[in-house]
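Engineer: Let me give you the structure first, and then I'll get to my questions.
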Amino acid sequence: ALEDAGYADRALGHRPWGVFAGAAAGDYQAHLRKAGVPLDGSAFMGNDSSILAARLAYFMNFTGPALTVDTASSSSLTAVHLACESLRKGDVELAVAGGVSIHVTPNFHILCSKAGMLSVDGQCKVFDDRADGFVPGEAAAVVVLKRWADAVRDGDAIYGAIRGSGMNQDGRTNGITAPSSLSQSRLIESVYRKAKIDPADIGYVEAHGTGTKLGDPVEIKALTDAFRRFNDRRQYCAVGSVKSNIGHCVHASGASGLVKLVLALEHRMI
């Protein structure tokens, strides 16, 4: 990402640039322990999630914030949001933000299967009557962010602009993993109002859309309710999810969708 943005030269170091990563501690260390492999310092340093962000800052000599956040499937977009806030406040000049999700053992697949969350035929059917669960995927998705004026001043290649962002929590629902259309709708509306965005001007929404009978309808209802508070137009805005293409990449899923959206803008193609 830094190379594509033109900032991969380590001589650029010792700058107030930040690293915001969405990730979780992997289960490889536990796997090694279970297999009877003696653990050493490298096993700790190589598996701790906080080191993931710190390693890039160390390697590139960045002096801004370097943090790893874990908010499950929203981790990478939470990282992007925090990066945007840090840029807006002037804490950093540039931010590397995104997420990574790699499954080095079968544990995640096994646990999701036992919880009845996986598609039985291995296909993720987003916003489809046949939806029966998600398909695990792996990804590392990263974007490089700067303030708009700074990017224009520096002649950067600009793929897109983030007009606004926000985050909230569902509070109490009928289950800790059950989504709330009310909370989602309120968040969408608040971001549109703060950023002065009229949904009538939106041509595409990249949704979370995991291909489940519970989550997908809730998300569509939340989007519809939020849009209805601004206008009554119908069937003018496309909706999709990258999970139909690459699966549910958990901690990297949000940033994967963001990259897909930016590519759609670049190529003028959904």
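The values are calculated or read from the model by the stated rules, or taken from the named source; none is laboratory data. Please read these numbers as outputs of a predicted model, since none were measured by experiment. Virtual Cβ from ideal backbone geometry, glycine too; neighbours counted across all protein chains shown. The protein model used for the area step is the full one, side chains on, heavy atoms only, and it has no ligands, DNA or RNA in it. Shrake-Rupley method; radii C 1.70, N 1.55, O 1.52, S 1.80 Å.
Engineer: In the range 205-270, how does Rg compare with the Kirkwood Rh, expressed as the Rg/Rh ratio over alpha carbon atoms? All intermediate terms of the calculation are to be shown ahead of the outcome.
Structural biologist: On the way: Rg = 12.8 Å, Rh = 12.9 Å.
Looking at the range 205-270, the ratio lands at 0.99.
Engineer: Along the charge dipole of the range 111-270, which of A115, H208, S181 sits closest to the positive end, that is, farthest toward it, with unit charges on the beta carbon of Lys, Arg, Asp and Glu (+1, +1, -1, -1)?
Structural biologist: Towards the positive end, the residue furthest out is S181.
Engineer: Follow-up question, since we're still on this one. Where in the range 36-77 does the label zone of R10 land, with the point 7 angstrom along Cα→C-beta and an amide N cut-off under 17 Å?
Structural biologist: Inside the label zone: 54-63.
Engineer: In Å and on Cα atoms, what radius of gyration and Dmax does the range 114-194 show?
Structural biologist: 18.6, 53
Engineer: Still on this structure, I have one more. Once the convex hull of the alpha carbons of the chain is built, what does its volume come to per residue, in cubic angstrom?
Structural biologist: Numbers: hull volume 39.7 nm³, N = 270.
So the per-residue hull volume is 147 Å³.
Engineer: On to the next question. If you build the convex hull over the alpha carbons only and average its shadow over all orientations, what do you get for the range 134-178? Give it in nm² to one decimal. The partial results should precede the final answer.
Structural biologist: Working: hull surface 23.0 nm².
In nm², the orientation-averaged hull projection of the range 134-178 is 5.8.
Engineer: Let me ask you something else. With no solvent and one point on each alpha carbon, what is the Debye value of log10 I(q)/I(0) for the range 1-78 at q = 0.13, 0.14, 0.15 Å⁻¹?
Structural biologist: The Cα Debye sum returns log10 ratios of -0.51, -0.57, -0.64.
Engineer: Out of every Cα-Cα pair in the range 88-143, what percent are more than 19 Å apart? Intermediate results must be reported in sequence, preceding the final value.
Structural biologist: Details: 783 of 1540 pairs.
Across the range 88-143, Cα pairs with separations above 19 Å total 51 percent.
Engineer: Please identify the longest segment of the chain free of exposed trypsin sites (Lys or Arg not before Pro), where exposed means a DSSP state other than H, G, I, E or B and no more than 11 other Cβ atoms within 10 Å.
Structural biologist: Free of exposed loop sites, the longest segment is 1-129.
Engineer: Oh, and also: Take the alpha carbon atoms of the range 18-76, find their center, do the same for the range 135-180, and report the distance between the two centers in whole angstrom.
Structural biologist: Centre-to-centre (Cα) distance: 20 Å.
Engineer: With a 1.4 Å probe and all protein chains left in place, how much of the accessible area of the chain comes from carbon and sulfur atoms, in whole percent? It would help to have the intermediate numbers written out before the result.
Structural biologist: Working: 8510 of 15430 Å².
Exposed carbon and sulfur together represent 55 percent of the surface.
Engineer: Another one. Out of I197, I110, I176, any idea which swings most in a Gaussian network model of the chain, alpha carbons joined below 10 Å?
Structural biologist: For the chain, modelled as a Gaussian network with Cα springs under 10 Å, the answer is I176.
Engineer: How would T177, T212 line up by accessible area, probe 1.4 Å, largest first?
Structural biologist: Values: T177 125, T212 30 Å².
In descending accessible area the options line up as T177, T212.
Engineer: Over 29 Å between C-alpha atoms is what I'm after, so list which of K125/K260; K125/K196; K34/K260; K114/K260; K89/K196 land there.
Structural biologist: K125/K196; K34/K260; K114/K260
Engineer: Can you give the accessible area per residue of the range 106-194, in Å², using a 1.4 Å probe?
Structural biologist: Details: 5890 Å² over 89 residues.
Value for the range 106-194: 66 Å² per residue.
Engineer: Just for the chain, what percent of DSSP beta bridges are antiparallel, to the closest 5? Provide the component values of the computation, followed by the final result.
Structural biologist: On the way: 8 of 24 bridges.
The antiparallel proportion sits near 35 percent.
Engineer: Whenever you get a sec, line up E138, E219 from highest to lowest accessible area (probe 1.4 Å, protein heavy atoms).
Structural biologist: Working: E138 100, E219 25 Å².
In descending accessible area the options line up as E138, E219.
Engineer: Out of all Cα-Cα pairs in the range 129-245, roughly what percent, to the nearest whole number, are more than 18 Å apart?
Structural biologist: On the way: 4249 of 6786 pairs.
Here the tail beyond 18 Å accounts for 63 percent of pairs.
Engineer: Okay, next question. In straight Cα distance, which aspartates and glutamates are under 14 Å from K194, not counting same-chain residues fewer than 8 positions off?
Structural biologist: E85
Engineer: Given a 1.4 Å probe and the protein chains all in place, what does the accessible area of S101 round to, in Å² to the nearest 10?
Structural biologist: Roll a 1.4 Å probe over it and S101 shows about 10 Å².
Engineer: Another one. Dipole size in debye (nearest 20) for the chain around its Cα centre, Lys and Arg Cβ +1, Asp and Glu Cβ -1? List each step's numbers first, then the result.
Structural biologist: Working: 28 positive and 28 negative charges, 121 e Å.
For the chain, the charge dipole is close to 580 debye.
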